[in-house]
Amino acid sequence: MPVSEHPMQALASYLPEKSFEQVVTYIHHYRIYLTISKQRKSVLGDYRHAGTWGSNHRISVNGNLNKYEFLITLLHELAHLLTYEQYRNKVEPHGKEWKQQYSLLLTDFVKQKIFPADIERALQKSIINPAATANGETELLLVLRKYDTEKKAGYQHIIDIPEGALFEAENGRIFRKGAKRRKRFECVEVKTGLHYTFSPITEVRVIQAA
């Protein structure tokens, strides 16, 4: 996994305005070894406590995220650090203790008017009951995607295409969009007839309208 270390002045380019100084304060205070990953599809960020890697806490965040998503991901991982500092390994990774820390961090940064109004509104749900993974924050992620600087030409989110439409997934396989089952869409692969579920924010290329 390609990662790189970033000095403080370079870190500023990944963060929204008015957030840099407070982020750096946390990094220095808790001696965080921060790395920025070029690309990971399975996770947006990661935390490893100091006992695992010597004397430093380690946080990694994907560098291809827009500034607002980068900060939110960093706060998610920082909440793990703060939970570990207080409880060590005595609590669940995304239990009520982590949720409390994450909610406090989000509340603090939201109060500073760092986020645009639509992201701020979407974050209120996370503040009340944070999700353990980014996939659990569908409404927030859909808002955040509007601020991506690089967009795939010809691609849409599954939630935005009509039921029954044919689409091509990133791996080149063709599916027909089906109905929503709880939080995900059940789709049928045209070639095999097998059923698969997709997150609403999955980016696909429509090849035939419904």
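What the table shows:
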item: Reported label for calculated Cα extents along the principal axes in Å given [x] 49, 43, 40; [y] 55, 36, 34; [z] 70, 38, 32; result: [y]
item: Cross-link pairs Lys152/Lys180; Lys67/Lys125; Lys67/Lys151 - those with Cα-Cα distance over 18 Å; result: Lys152/Lys180; Lys67/Lys125
item: Per-selection Rg to Rh, segment 142-192 - Cα, Kirkwood hydrodynamic radius; result: 1.00
item: Top of Tyr147, Tyr33, Tyr155 by mean-square fluctuation, Gaussian network on the chain, Cα under 10 Å; result: Tyr155
item: Charge context of Leu194, other residues only, Cβ under 13 angstrom, K/R +1, D/E -1; result: +1
item: Compactness index (Cα Rg / 2.2 N^0.38 Å), segment 1-120; result: 1.02
item: Within the chain, longest stretch free of exposed GluC sites (Glu not before Pro) [DSSP loop, at most 13 other beta carbons within 10 Å]; result: 18-149
item: Overall Cα dimensions of segment 23-69 - principal axes, largest extent first, Å; result: 28, 22, 12
item: 1.4 Å probe accessible area per residue over segment 71-117, in Å²; result: 49 Å²
item: Diffusion coefficient, µm² s⁻¹, Stokes-Einstein with Kirkwood Rh over alpha-carbon pairs of segment 84-135 at 20 °C and 1.002 mPa s; result: 180 µm²/s
item: Set of aspartates and glutamates near Lys99 by C-alpha distance (under 13 Å), chain-local residues within fewer than 8 positions excluded; result: Glu77
item: Leu104 versus Arg31: modelled label distance in nm, points set 7 Å from Cα along the beta carbon direction; result: 2.2 nm
item: Percent carbon-and-sulfur accessible area, the chain, ignoring ligands, DNA and RNA, probe 1.4 Å; result: 51 percent
item: Å² of accessible area per residue within segment 147-210, as computed with a 1.4 Å probe and no ligands counted; result: 66 Å²
item: Whole-percent pair-distance distribution, where bins are 10 Å wide, for the alpha carbons of segment 87-210; result: 12, 33, 27, 20, 7, 0
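The values are calculated or read from the model by the stated rules, or taken from the named source; none is laboratory data. Note that the coordinates shown come from a computational prediction; the quantities given were computed from them, not determined experimentally. Here Cβ is always computed from backbone atoms with ideal geometry, including for glycine, and neighbour counts include all displayed protein chains. Note: accessible area is taken over every heavy atom of the protein model, side chains too, but ligands, DNA and RNA are not part of it. Shrake-Rupley method; radii C 1.70, N 1.55, O 1.52, S 1.80 Å.
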